[in-house]
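Okay, structure first, notes after.
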Amino acid sequence: MILSLVIGVAGGYAAFRFTQPGLLTQQDSSAPHEDANAEITRLNDALSVAMNDLEDARAAQAASAAEVEELKAQTARQAADLDAMAEKLAAVSSETQPPEDNTAALEVLSRERDALTAENESLKSDLAALDADRGSLRQEAAEARSRLEAELARVNDQVVPDLTAERDRLQGRVLALLADRDALKAEVDAAAGSNTADVRRILELEAQLADSARELAAARAELAAREAGQTESPAVANPDINADPARPTAAAEAGTTPILTPRDPDMVATALRAAPGLGFLSTQDRQLLTDQLVAGECVTTALESVFDRVPILTLRNLIRDLNSDC
């Protein structure tokens, strides 16, 4: 019972100190926190048992004290009865009665006196036993109080600082997690804004690509018409019959070919590794795409050479990573 009382009170005090207001809002259910809660629950259960045992002991002590007082009162009454019987016996002895009547009365009084004396001795024995029990209970209570004070001192010196340190550690972890969450939210918001700008840029590039495709189709049609006209009247188009008919076309194409600026191969390789949608390309197509980008080709044109339909996300990422205008 004493051990339960000591452990119980220690657990209750530790639970009180550990559950002070703080930022521990159960976001972080780490293993040390769960162990501390389990220990607090166990100590609180032990405290309840110890408090019940203490109440029982106090009730027993109070009952013993009441019983002692009752026995004392009963002993006093019996002593008074003995005194009264002694006076009665003396009075009977002094009266002038026949000897046989006095003898019978004396025998009755003697038996009553002996019975009361025996009962009185029994009550005295019971009283002594109760006094001994009460003294034992007092000694046990004093020892329990001493052990409880020692255990409370140990809790204040060891358990409470450990629990407080654990609480502070968990609070710091929660604050760090909240800071990480805010930083991640800021990054997500920034990425969302960047994605909006990228989508707008992609739409512009798609419009430019459509315009370029229309212009290219028109140029090819015009070139085909010119070639057809030159085939029908070569003398008018070119008096020199030995001239190469393909030479004007090459010259025209050379005149419209933009000057390419080569790119860093490492930068191109890094951009291709990070770009989505390229995993299905064959080795040959991937090498072709790499060579064109390293040579400085437009990203849109390079992707059109290996895709029937250019992936939007791939186009956006490569334009961004390679800092391309098209």
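The values are calculated or read from the model by the stated rules, or taken from the named source; none is laboratory data. On a predicted model such as this, the values are computed, not experimentally measured, just so you know. Cβ placement follows ideal geometry from the backbone for every residue including glycine, while neighbour counts extend to all protein chains displayed.
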*Which pairs do you get when a residue that is under 15 Å from F307 (Cα atoms), found in segment 269-281, comes within reach of a residue that is of a type in the set (K, R), reach meaning Cβ atoms under 7 angstrom, with the pair 6+ apart or on two chains?*
L278/R286
*Would a scan of segment 191-211 turn up a residue that is assigned to a helix (DSSP H, G or I), under 30 Å from D325 (Cβ atoms) and hydroxyl-bearing (S, T, Y)?*
yes
*Single condition A165 does not satisfy, out of (1) surrounded by 11 or more Cβ atoms within 10 Å (Cβ to Cβ); (2) modelled with pLDDT of 85 or more*: (1)
*Taking D308 as the residue in question, decide whether it is part of a helix (DSSP H, G or I) and either charged (D, E, K, R) or touching a residue at least 40 places away in the same chain (Cβ under 8 Å) (or both).*
no
